[in-house]
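Novice: Below is one structure. I have some questions about it.
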Amino acid sequence: MAVLVVTLLVADRDGGPDGAGPDTALLDLPRVPWEGGPEYWARFPATADAGWTDPAFFPVVSWFNGISSDEEVRYDRSLGFNTYIGMDPSTPYSLFADNDVYWIGGALNETFTEDSRNWVGTFLDDEVDGRFPPDEARDRLAQLRESAPADRPAYANFTQTVVSRDMTDDDAEALINDYTDVVSVDMYWYTIPFCDWDPYRAVYLLPVEQETCRTASSYGTVVEMLRQRDAADGELQATWQFVEVLNGGPGEGPFLGNIEPDQLRGAVMSSLIHEARGIVYFNQSLSGPCQGGNVIRLSQVQEDFCGAAQVAAAGEVNAQIHELAPVLNTQSYEHDAGPGLDTMLKAHDGYAYLFAMVDGSGPPGERRLDLPAGLAGGEAEVLFEDRTVPVVDGRITDTFTTESTYHVYRIPLEGTGEPA
């Protein structure tokens, strides 16, 4: 990956260099390459006009979720979904506008106009790399992009082929870089057969070992590989990540199982830790005993729905995303917290935030997390867990019970006082 190094040089001013509040202490660390947050969405008139430049906004997308009433949209919003891709063509634009949610796609019907503020993006296509040879896929995306509105970001989703060695670098980099402003890959590690194949195919740009293939860390690795492809042309776009609400297996099977609630939350957090700028939920379940074309809606209308726990888990982690949006919308620092860890370090309004999970190199358990200089020490608040942990000699020691466990630590920067 091409690395852009940006160092925070100014302290004690209103509006830090990340544009999301004052930094009252210095973290003298390089920055992770940045294409996220309000600055990115300000590039496009549609997203800027719709309010995506608000530091408190983070896109959480429901894939092919039908809405037919305000009540249904309010239910989706209660679970943290604010954006839709895929919809029945009869859906009126008013459902988006009246409920402050957003549409990415084409004009569904005559109620959509060029002035429709909540129509924020164009959806080019899904999985062209899996449906066409590379040259045909490129031609298709080029034609679709040519006819797309210039004021709206263009989005496409791909299969895992573009982050594997099954496609040449030139073909993969062209597909990722030449047509889109937002890009994602769908690879449902927990619920498809790939991890069990014998022989196992280690075909990816970064290692995904078979013994830890079916873990949350694999979702983050996809984001990292996609960002590597995206950086090849020296320009960055927003990378989003898919996570299945129930399962991502094909309808013809075999059915391996549904994602568990803790796995769902962990897959989302791993994606964020690896710098995903949006989360897209695969909202269909095509195999196994709990099937449906709109899992989220089934959880609303069916009593004792078999996927209720997974939908609730999505709502829980989405609530955390929205609470942390002003933090997520700041540029991360490069920092190695120690072996066996995936971490992301940010600073906002006088606090450092360290997001942490175990990586795919070993089992869960106790880890020591090294903190950078410039933190007040004493103790760290563990968000969403109603506890604190001591900071001793610049380190936190904590336990990660499972491979999908994550912790978010909030630590005051020097001179800013104790955690609230």
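The values are calculated or read from the model by the stated rules, or taken from the named source; none is laboratory data. Keep in mind that what you see is a predicted model, and the values were worked out from it rather than measured. With ideal geometry, Cβ positions are generated from the backbone for all residues, glycine too; neighbour counts draw on all protein chains shown.
Novice: Looking at segment 177-196, which of its residues are within 24 Å of Asn283 (Cβ to Cβ) and touching a helix residue (DSSP H, G or I) at 6+ places or on another chain (Cβ under 7 Å)? Spell out how you get there, then give the answer.
Specialist: Let us first name the residues in segment 177-196 that are within 24 Å of Asn283 (Cβ to Cβ), namely 180-195.
Once the filter is applied, which keeps residues that are within 24 Å of Asn283 (Cβ to Cβ) and touching a helix residue (DSSP H, G or I) at 6+ places or on another chain (Cβ under 7 Å), segment 177-196 yields Val183, Val185, Met187, Trp189, Tyr190, Cys195.
Novice: In addition: For the structure I just gave you, tell me whether Phe384 is within 20 Å of the chain's Cα centre (by Cα), of a type in the set (Phe, Trp, Tyr) and outside the structural domain of Tyr75 (by TED's automatic domain parsing).
Specialist: Yes, satisfied.
Novice: Additional query: Looking only at segment 54-69, filter to residues that are surrounded by 13 or more Cβ atoms within 10 Å (Cβ to Cβ) and without any contact (Cβ under 8 Å) to a residue 60 or more places away in the chain; which one of those is farthest from Ala154 (Cα to Cα)?
Specialist: Ser68
Novice: How many residues does segment 311-334 contain that are more than 21 Å from Asp386 (Cα to Cα), buried (at least 18 other Cβ atoms within 10 Å of the Cβ) and not aliphatic (A, V, I, L, M)?
Specialist: 5
Novice: Give the residue, chosen from Tyr351, Tyr406, that is touching a residue at least 40 places away in the same chain (Cβ under 8 Å), over 25 Å from Asn258 (Cα atoms) and either under 23 Å from the mean Cα position of the chain (by Cα) or surrounded by 22 or more Cβ atoms within 10 Å (Cβ to Cβ) (or both).
Specialist: Of Tyr351, Tyr406, the one residue that is touching a residue at least 40 places away in the same chain (Cβ under 8 Å), over 25 Å from Asn258 (Cα atoms) and either under 23 Å from the mean Cα position of the chain (by Cα) or surrounded by 22 or more Cβ atoms within 10 Å (Cβ to Cβ) (or both) is Tyr351.
Novice: Considering only residues that are over 20 Å from Pro326 (Cα atoms) and buried (at least 24 other Cβ atoms within 10 Å of the Cβ), look in segment 251-279 and name the one that is farthest from the chain's Cα centre (by Cα).
Specialist: Top of the filtered list is Asn258.
Novice: Could you list all residues from segment 137-176 that are touching a residue at least 40 places away in the same chain (Cβ under 8 Å), in a helix (DSSP H, G or I) and surrounded by fewer than 18 Cβ atoms within 10 Å (Cβ to Cβ)?
Specialist: Within segment 137-176, just Asp169 meets the criteria.
Novice: Scan Gln320, Gln310, Gln331, Gln302 and give me the residue that is touching a helix residue (DSSP H, G or I) at 6+ places or on another chain (Cβ under 9 Å), free of Cβ contacts under 8 Å to residues at least 12 places away in the same chain and not aromatic (Phe, Trp, Tyr).
Specialist: Gln302
Okay, residues lined up against (1) without any contact (Cβ under 8 Å) to a residue 12 or more places away in the chain; (2) outside any loop (DSSP other than H, G, I, E, B); (3) more than 25 Å from Thr168 (Cβ to Cβ); (4) in contact with a helix residue (DSSP H, G or I) (Cβ under 7 Å, 6 or more places away or on another chain):
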| residue | (1), (2), (3), (4) |
| --- | --- |
| Asp198 | yes, no, yes, no |
| Arg214 | no, no, yes, yes |
| Thr221 | no, yes, no, no |
| Leu226 | no, yes, no, yes |
| Gly248 | no, no, yes, no |
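Novice: Given the criterion buried (at least 18 other Cβ atoms within 10 Å of the Cβ) and within 30 Å of Tyr190 (Cβ to Cβ), identify the matching residue among Val391, Val358.
Specialist: Val358
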